Every structure is written in structure tokens, then in C-alpha cells.
Amino acid sequence: MESQKKVIERLRAAFRSGVTIPQHFRLTQLKALLSLLEENETQILEAMHKDLAKPKFEAVLSEIDLVVNDVCFAINNLHSWMQPNYVGTNLATKLDDCFVRREPLGVVLIIGAWNYPLQLILLPLIGAIAAGNCALMKPSEISAATEKLLADLIPRYLSQECFAVMCGGAEETKQLLENRFDHIFYTGSQAVARSILQAAAVHLTPVTLELGGKCPCLIYGRLDIKAAAKRLVWAKYFNAGQSCVAPDYVLCTVEMRDALLPAITQAIEEFYGSQIQKSVDYGRIVTDRHWDRLIDLLGKSEGKVVIGGEIDKEEKYFAPTVIIDLQESDALMQEEIFGPILPIITIESLEQGINFINQREKPLALYAFSDEPQIVTTVLERTSSGGFCSNDGIVHMTLPGLPFGGVGASGMGSYHGRWTFETFSHRRGCMFRGWGLERIGALRYPPYKESNLSWLRWATTAKKKGWGECSVL
Amino acid sequence: MEKLTVDEARKAFSSGRSRPLQYRKQQLRALLRLITEHQADITAALKQDLNRSEFDTPLFELIGLEHEIKVAEKELSDWASPQPARKSLVTINDDVYIQAEPLGVVLIIGAWNYPWALTLQPLIGAIAAGNAAVVKPSELSQNSSSLLKQLLPHYLDKEMYPVVTGGVPETQELLRQCFDHIFYTGNSTVGKLIMEAAARHLTPVTLELGGKSPCYIDKNCDIAVACRRITWGKFANCGQTCIAPDYILCHPSIQNKVIEELRLTLLEFYGEEPQTSPDYGRIINQRHFERVLTLMEGCTVAVGGGSDKTQCYIAPTVLRDVLPHSRIMQEEIFGPVLPIISISDVSEVIHFINEREKPLALYVFSSDKKVIKRMLNETTSGGVVVNDVMMHYTVTSLPFGGVGNSGMGRYHGKHTFDQLSHHRACLIKSLAMESLNKARYPPLTPSRLRRAKFFMTSRLCTCAQATCAWAVIATMLALGLLIALLIVLLKDPVA
């Protein structure tokens, strides 16, 4: 097996050779990626089922189709993304060409996560390829079957000179980070993110961090309880709650809670039947360790389980659970749950709910359910979060036109669609000047004269709208 | 002390008063007044700090700032309004947009070489984006930083935009606090320390660093004009500019001509005795003075070479036949010394540049389009100017920033606003049309899956070819209908 250093050297040599630059190469690789997905759908579904008992429905919608969508989007738009965009010049610089070029960064590192093992590696890869980089992928070892499958398939479809997959655990990742990359894209936890940033600082490597946090779900005012409950249940228990954008906890009034509980129960039954453990549409917890963590959290909690609570250690099954009567200091409110437990915290006013949210770290996603537009607007304007979705959960991240990323503790940078391309590109400002007009240009040279200065000042204080682009001749 | 200042800034931000556009514009206007009302004081401070000529001050610092403030004030409503984004079929009735929001409290660490421009330009963007900002000017340009500390609280909201002065210990104390963004201008060594400190709080950073900006003079170009422009860029501010052309690469056959043109231009700009010219600056302090002199050791001086320790004066100097491994080629010069390295072949020039760290700027002087194209396509750098130096800095619509060792992030104009904002993805849905959602809910049936795939794939909306086909068909239909209508209207009525 090739050592890490050798792999990185190989990728760097490939990048230096310039092979990834032409549009044709990038398109070929993206089309190959598309074939990889289309020709191996069954195997991919099997691997994800092995890792997470991922229901076929979920795997197709949130993994395969999501990635296929994004590849097609990139293929269709690559040409326009690669064009230089000319920027406005004013009277003084009318004879000059000013434009922005998108250039590849070089060799990038993509570290995936286990909860959406395909999407979280391949979506960044699409942008890396589209931007003309070489890429080293490090899928999560926790979703071992998918990791193995990616390590097998990627070299068969993509250029082995330019793209590689590295397997391994925490130790191997640490060693990998000692090398120099031109960008590091990490999806995972805050704790690990800190050490990634510190390793990146040594080489001044820019990073994109897709982290998590507790995504609040504020339900307030007049609303269609049945519809709200269905969407909430769908978003929460998708992938057995193991989504970075799953609504982590609910904030609502006591009356709202009492109206919601039966609606939630009904929605759960509609989705998964009366014997949830037997439903093929409900997932499992990824490892014993993660399952134990959830049991531990639930044990420490002082709340009351009103829905669910059934568990099965052998299957790593954890029923869709709702828990109420918790305080802010509860164990379940101290860390991201990342599992199918939904705490409902009661508030007395919208103001209280907003303050509750603002006292905590900025989340990756924030949800507000209400049929009253004013309430939605208030929540939107008075809070901050990576993304915001009203009256639904998770779906905002499926739109390629929206940047997907966190802010503050939930991350830095964004991707999806064109944003991934931008993340892996350098925006180079270019100016082409002519030889002429040297006499005008000479106004800026020493020896300095007061009269020259006033000419320059006049030329630069162009007050008409749209002229104010250049400040000095 | 620093902690208290940051806490107060955070409290000011949390009050929400920096959010309304009216407030931001008011603060920007106040900043403009500061600059225009105190130009004389600022000029005096810069003369003390860097022996900056009174014409250089507006030229290199103030005009740019005034312009940026005016642009920000004018465009702010546009920048801060929601940007609609592309929808999918399933979200066709929803509001999909990106909203720029303030980050919170930003730390701005300025540099000493352009103490006003490099400290206040990021501040303009911070204000425009609705943030609070702690401003830490460089202690090396002491007079400027004292003046800023004195003036800013009189014009701006002093809790929202405090100035913290001091040296390394004060900066380190600041870096222990939690910020929502750190904007640093300076060198790569300190840049790494800043990024490491930011890592502890998961704070994003913008680093405007430096490096050796190469300047290639092709055989095929107007050497005289090229040398005038290069002289201007290199020796302004006594070479202490992050985007100054650091060294020249040219063909051996034109080296003598280049040297002669540089010498003539220097004479024209600064006279026989640059030390007496009011337009020629000084090195910031003894340490840097020694540093630059040491770099010159062992090299052949073609022009200049003189120095005066008492004034931190180094004459405008050109070195010839410099070897790639010499000391002066190992670090950013940041002084009025211009080495010339002869290289015969454009491919070799490209190779030379690519062997080294990615620079902040790259300059190419050539009339040959092929050469320009190669240089542009086969190298990378923060920015590039063809047939001039440094001017890209002045175009506010161009992103200004480095890549690799020369930095991360970009600013100027709207780019500063974007850099210091959070772009929040927003999807505003209603609870209606719930039946459409059934397609994505379990339990799975093949028909449900088919329907879900149809609605959630954006292939329908994004395939350029399909859209083209639709456009053509629609146009043909429309034309056909128009022709039919015309025929009907123009047909003579039957008598």
C-alpha cells in the first residue's frame, strides 16, 4: 500500500503537469463520477445498509440522487463557471480589462463523515474536480462498508493520477494533516475541527468546516398542527436522527406541545407502522459506541419520555422518542443529540424562545414553524444560523442554489452547487493595461505637484452612479 | 483590559443598534468626516512614521478610503438586500434567497506600512456589514496609531468600534478573546500564529499577507514605459508595499537597457540626491533598516546602494545579475532594493515563479499576447497586472487578496462586505400543499419513490440543453402565432 507521502506527491506532480486544468478533463471526470453512481447503485445501497441500516428510500433520495443532481448541475454549468467575469471599470480605466479568473488551488483534502457517507465525500469532490484540483479523499472509518466501497470504486472510474482515497482512523488522519494541502474540507465535530484548523495554520491552508450543533425548532402561533408534525417527524427521524441539520429540540408553548404530541404519534405511525422495529424505512444507530452514548444521555436526563423509548441493543435500534418536562440544564441540552430523541422545551413567549436560541452557539440550521408570516420573519431577523427554513426541515440543503454551511461554532465556509466550485477556486483579480495614456498615468509620478494631485482627486471623485469603480488613475 | 473592551463591543453588538442600515450609513459618513477634517494631522503623523510625502498620503491612503466609503454608502442597500436563489420544482411556490447578516464582533489588525488604508479599509466593510469591530493598529507606526486612538472615538460609536493600541502582549491578549472574525494584514509568520489562535475559538480569518511579487519584463515590450511604471511602484513608500514588484525577471540581452531606464526614471522622480527629495520615504525603523541592508550583501549594485543609518535612509537601489539562491531572493525585501535576475526563456520564467510560494501579485510587461496568455494560464498569484504595477488595488470591484502563503480571503468594495458577513441560506415555506410532500414520506412504495425522485431532482430546471430546446420551440410557436395574428389582422375584409 502506498504511503501517504507518496500518494500526495503523486497528486501534486499530476497537478503540476496541468492535466486537471482543461475543461474537457474536468467534464470527463465528472461524467465518470456519474457513471460510478449509476452503475453501482445496488452496491452503494447495500454498503450503506450495512453501515447504518439506511433505508433504501432515504439512501436513494438523500445520498445517490442528491449527488447525481449535483454532478449534473456541475456538468451543465461548468463552462459558464469557468469563464472570467469582467468587472466594471470607470472613465479612467475604460481602456483596461479588469476581470476575475477562477483558478484551481492545487491538491485538496476532503475528510468525510459517517452519517451520510456517500454525499459528504462526493459533494465536495464534485466541486474540487470542477475547479480543476487534484483531491485526496479520507472517508470516515466508522461507516466501514462505504469506505471500502469508495476505495474500490473511485480508482476504477476516476483518474488515479489525480484522485486518491485514503482509508484509516484517527491516527492516520493525524499523520495526513502533517502534510501540506491547498485546502482542507472537513465535515464532522467541533472538537476535531479545532485540531484540523491548528494543523492547517502551520501551512496557512484555508479550510472549510461543516460542523454541527443543536438545531432549534421553534413552533409558535397559529399553524396546521398535522402538517407541521409530519414535517417535523420526517426531518427528525430521517437517518434515525443522525443528521447535522436534524431539528435537535423543539421550543413551543405548553398548549402547543399538548396539541403536537398526538399529531407526532400519528405521524410516526403513518410513516413506520405500529411495529417500528420491523419497518424497513427506519434506520439504526451507526455503532455500539454511539448507541451507548444515546442510552447514557437518556439515562442522565430528568425529562419524561412520552413517546417511544424502546430500544434493542443487538440491532442498535432506538425508537423514535419524544421527551418533555426538561430544564435548560438537562443532559440532553448540553450537546448535539445526533439521535432519535426529541426534547420539547416549553416557553411562555416568542421573546423567550428567541432569547433561548441566542444564548447558545449559532446552529447549523434553524427552523421556525408557524402559519403567521410575521412570527417567521421575527425569528429570522432576531437570530443567526448557518441556514434557515420555515415550516419544514432539512430540505433547504437540497437546493443547489443555496450555500450550505455553518457560522460561528457550526462551521465556516459553504458548499453545494456553484458554491463548492467557488470554495475550491482562487478568485484571481486581473488587470490588463495598455501602453498608451502614459501622459495621464504620469500624474501619479513624483516629483509630486499640488496641481497633479487636484487632477487625480477630480478624476477619482466620479459622483455618477456606476462610475465609482477606480479610485486612483 | 482588552477583555473588557471586547466584552463591551459584544454588548454593543447584542443591543442590535448596528443592524439598521441607517446607523451603518451614519457611521460611514462619520468616518469620512474624520478623514477629510483631519487630513493635515494624518499627513503629519505619516511624515513622522515613514517620512511620507504630503502628496503620497492622499494618493496612497486617503483617496482610496474616501472612495470606498462613498461606494459602501451608495451600494449598501443593494448589498444588504436578500439575493434570490434558484428554486427546484418542489419549492416553486416558496421564497428561496440568501441573506447577508453581520457576524458579530470582528478584530481588525492593521499594518504599519499603510497604517490608515490597511486599518480603516477593513473597518469600512465591517461597519457596512453591521458588525462591531475592535481595531488594533500597528504599534510600529506609532504616531498614526496614537492619532487613530484619539480621533476614532470622537467620530464613531466608541463602544461599537473601540481602538486598542499596544504591542505584542496586547495583541496576544486580544487573541485570547473570542471573535467572530479576525482580519489580519501583515506577514506570513505572524499570520500562522493568528490562525492558530483563531483555531481555538473556531474563528474564521482573513489573512492579507505578502511574499515576493515577481515582475517579468519581456523582450518584446516598451521598456521605457515599463521601467517608469515599475519605478513608481517599487520605490513608493520606500519599497514598503505588500504588492510592490519585489524582483525583476528579464532576458540577459535587455538587462542593461532596463537598468539604464530605471536609473533615468529615478533621476527624474527623486533627483540627484534622493535623500533630499521630499517625495522619497524612509525605512520604518532600525531593525528593518539593518535587515534590508543585510539582504543586499554580496550582490552587485547597478544603481544606488547608499544608506544613512541616522535617517533610516536607503537610496533607491537596483542590483544586477542576482543569483536565485542569494539571500535577497529568500525573503520578501520590503525595501527600496530591486534585484534583477536574468532568465532567457519564458518557460524558465514560469518554472522559476512556480517553484516558489504563490505571490500576492504578479506583474507581466509584454506586448506579445501569447506570452501574456502563457504567464496568466501557467502561474497563479493573488492578483495580476499586465503592463503596470499595483493598479489592480484601486479597482474596488476586483477582489484583493492572496492565495497559499500570500493569504486567504479577499476584500475591497463589496468583497469586504461579503467577507465580513454571513450568507444565510433561507427557505421560507408555508404549511400548505402538504399533499405534495407525501412523495417523500415513508413507507416506501416504488411509485412514491418515483414521484419523489421527479420532484427533487433539479435536472429539469438545470439542463442547459433542455432549456435551449424549450426556448427554441417556444420562440417558434410564438412566431407562428404572431404571423397568424398578422395575417388575420391584415387580411382585407371580404367586401
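The values are calculated or read from the model by the stated rules, or taken from the named source; none is laboratory data. Nothing here was measured: the structure is a model prediction, and the numbers come from that model. Reconstructed Cβ throughout: ideal geometry from the backbone, glycine too, with neighbour counts over all protein chains shown. All accessible areas refer to the heavy atoms of the entire protein, side chains included, with ligands and DNA or RNA removed. Shrake-Rupley method; radii C 1.70, N 1.55, O 1.52, S 1.80 Å.
Restricting segment A:172-193 to residues that are at pLDDT 95 or above and facing chain B (nearest Cβ under 9 Å) leaves a set whose member that is most open to solvent (accessible area, probe 1.4 Å) is A:ASP182. Taking strands (runs of 3 or more DSSP E) as the structural unit, those lying wholly within segment B:317-389 and holding at least 2 residues that are under 21 Å from the mean Cα position of the chain (by Cα) and on the phi < 0 side of the Ramachandran plot correspond to B:361-365, B:383-386. Within segment A:235-257, the set of residues being crowded, with 22+ Cβ neighbours inside 10 Å and assigned to a loop (DSSP other than H, G, I, E, B) comprises A:GLN242, A:SER243, A:CYS244, A:VAL245, A:ALA246, A:PRO247, A:ASP248.
Table: residues versus (1) aliphatic (A, V, I, L, M); (2) surrounded by fewer than 24 Cβ atoms within 10 Å (Cβ to Cβ); (3) farther than 30 Å from B:ARG200 by Cα; (4) within 11 Å of chain B (Cβ to nearest Cβ).
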residue	(1), (2), (3), (4)
A:GLU328	no, yes, no, no
A:SER349	no, yes, yes, no
A:PHE356	no, yes, no, no
A:ALA368	yes, no, yes, yes
A:ASP371	no, yes, yes, yes
A:ARG427	no, yes, no, yes
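Here segment B:439-448 is the region considered, the condition is being over 17 Å from B:SER88 (Cβ atoms) and in a helix (DSSP H, G or I), and the residue that is nearest to the other protein chains (Cβ to nearest Cβ) is B:ARG448. Candidates are the residues of segment B:283-298 that are in contact with a Lys or Arg (Cβ under 8 Å, 6 or more places away or on another chain) and open to solvent by less than 50 Å² (accessible area, probe 1.4 Å); the one that is nearest to B:GLN48 (Cα to Cα) is B:PHE289. With respect to the conditions (1) closer than 18 Å to A:LEU123 by Cβ; (2) of a type in the set (Gly, Ala, Ser); (3) within 12 Å of chain B (Cβ to nearest Cβ), A:GLY88 falls short on a single one, namely (1).
From the list B:LYS74, B:LYS70, B:LYS47, the lone residue that is of a type in the set (D, E, K, R) and more than 21 Å from B:VAL395 (Cα to Cα) is B:LYS47.
The rows are residues; the columns are (1) open to solvent by 20 Å² or more (accessible area, probe 1.4 Å); (2) under 25 Å from A:GLY132 (Cα atoms); (3) not charged (D, E, K, R).
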residue	(1), (2), (3)
A:SER35	yes, yes, yes
A:GLN43	yes, no, yes
A:ALA59	no, no, yes
A:CYS72	no, yes, yes
A:GLY88	yes, no, yes
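Here B:ARG24 clears all of (1) more than 17 Å from B:LEU123 (Cβ to Cβ); (2) in a helix (DSSP H, G or I); (3) basic (Lys, Arg) except the condition numbered (1). Any residue that is open to solvent by less than 50 Å² (accessible area, probe 1.4 Å), part of a helix (DSSP H, G or I) and not charged (D, E, K, R) - is there at least one of those in segment B:417-424? Among the residues of segment B:417-424, at least one is open to solvent by less than 50 Å² (accessible area, probe 1.4 Å), part of a helix (DSSP H, G or I) and not charged (D, E, K, R), which makes the answer yes.
Considering segment A:391-402, and only residues there that are open to solvent by 10 Å² or more (accessible area, probe 1.4 Å) and in a loop (DSSP other than H, G, I, E, B), the residue that is nearest to A:LEU251 (Cα to Cα) turns out to be A:ILE394. Taking the conditions exactly as written (open to solvent by less than 30 Å² (accessible area, probe 1.4 Å) and at pLDDT 95 or above), does B:GLY130 satisfy them or not? For B:GLY130, the condition - open to solvent by less than 30 Å² (accessible area, probe 1.4 Å) and at pLDDT 95 or above - is met. Of note, B:VAL386 does not satisfy the criterion of being open to solvent by less than 10 Å² (accessible area, probe 1.4 Å), touching a helix residue (DSSP H, G or I) at 6+ places or on another chain (Cβ under 8 Å) and either more than 8 Å from chain A (Cβ to nearest Cβ) or within 23 Å of B:LEU319 (Cβ to Cβ) (or both).
Sub-6 Å Cβ pairs linking a first residue in segment B:266-292 that is away from chain A (no Cβ under 14 Å) to a second residue that is open to solvent by 20 Å² or more (accessible area, probe 1.4 Å) and among the aromatic types (Phe, Trp, Tyr), at least 6 apart or interchain, are B:ILE284/B:TRP112, ordered by first then second residue.
Answer yes or no: is there a residue in segment B:196-209 that is within 14 Å of chain A (Cβ to nearest Cβ), over 24 Å from A:GLY405 (Cα atoms), touching a Ser or Thr at 6+ places or on another chain (Cβ under 9 Å) and of a type outside the set (D, E, K, R). Outline the logic, then answer.
Step one: list which residues in segment B:196-209 are within 14 Å of chain A (Cβ to nearest Cβ), which gives B:196-209.
The next check asks that each one be over 24 Å from A:GLY405 (Cα atoms); those that pass are B:209.
After this cut, where a residue has to be touching a Ser or Thr at 6+ places or on another chain (Cβ under 9 Å) as well, the list is B:209.
If we keep only those that are of a type outside the set (D, E, K, R) too, we end up with B:209.
Yes, there is a match, as at least one residue in segment B:196-209 is within 14 Å of chain A (Cβ to nearest Cβ), over 24 Å from A:GLY405 (Cα atoms), touching a Ser or Thr at 6+ places or on another chain (Cβ under 9 Å) and of a type outside the set (D, E, K, R).
Only residues that are open to solvent by 30 Å² or more (accessible area, probe 1.4 Å), more than 27 Å from A:LEU204 (Cβ to Cβ) and not hydroxyl-bearing (Ser, Thr, Tyr) were counted across segment A:148-171, and they come to 7. For segment A:169-227, the tally of residues that are under 21 Å from A:ILE357 (Cβ atoms) and in a strand (DSSP E or B) stands at 5. Has segment B:50-65 got at least one residue that is acidic (Asp, Glu), open to solvent by 10 Å² or more (accessible area, probe 1.4 Å) and either over 23 Å from B:TYR393 (Cα atoms) or part of a helix (DSSP H, G or I) (or both)? Checking segment B:50-65: not a single residue is acidic (Asp, Glu), open to solvent by 10 Å² or more (accessible area, probe 1.4 Å) and either over 23 Å from B:TYR393 (Cα atoms) or part of a helix (DSSP H, G or I) (or both). Cβ-Cβ contacts under 8 Å between residues 6 or more apart (or on different chains), taken from a first residue in segment A:451-462 that is open to solvent by 60 Å² or more (accessible area, probe 1.4 Å) to a second residue that is in a helix (DSSP H, G or I) and modelled with pLDDT of 75 or more, are listed as A:TRP455/A:LEU443; A:ARG457/B:PRO58; A:ARG457/B:ILE63.
Do you know which residues across segment B:419-438 are under 27 Å from A:GLY408 (Cβ atoms), more than 8 Å from chain A (Cβ to nearest Cβ) and out of contact with any helix residue (DSSP H, G or I) (no Cβ under 8 Å at 6 or more places or on another chain)?
Quick first cut of segment B:419-438, residues under 27 Å from A:GLY408 (Cβ atoms) only: B:419-429.
Of the ones still in play, those that are also more than 8 Å from chain A (Cβ to nearest Cβ) are B:419-421.
Passing the criteria: only B:SER421.
The C-beta contact set for segment A:53-66 (first residue facing another protein chain (nearest Cβ under 9 Å) and touching a residue at least 24 places away in the same chain (Cβ under 8 Å), second residue among the β-branched types (Val, Ile, Thr) and open to solvent by 10 Å² or more (accessible area, probe 1.4 Å), distance under 8 angstrom, 6+ apart or interchain) comprises A:PRO55/A:VAL280; A:LYS56/A:VAL280; A:LEU66/A:THR398.
Restricting attention to segment B:69-120 and to residues that are at the interface with chain A (Cβ under 10 Å from one of its Cβ atoms) and of a type in the set (A, V, I, L, M, F, W, C), the residue that is farthest from the chain's Cα centre (by Cα) turns out to be B:VAL90. The set of residues in segment A:334-390 being of a type in the set (Asp, Glu) and either within 23 Å of the chain's Cα centre (by Cα) or in a helix (DSSP H, G or I) (or both) consists of A:GLU335, A:GLU336, A:GLU351, A:GLU361, A:GLU381.
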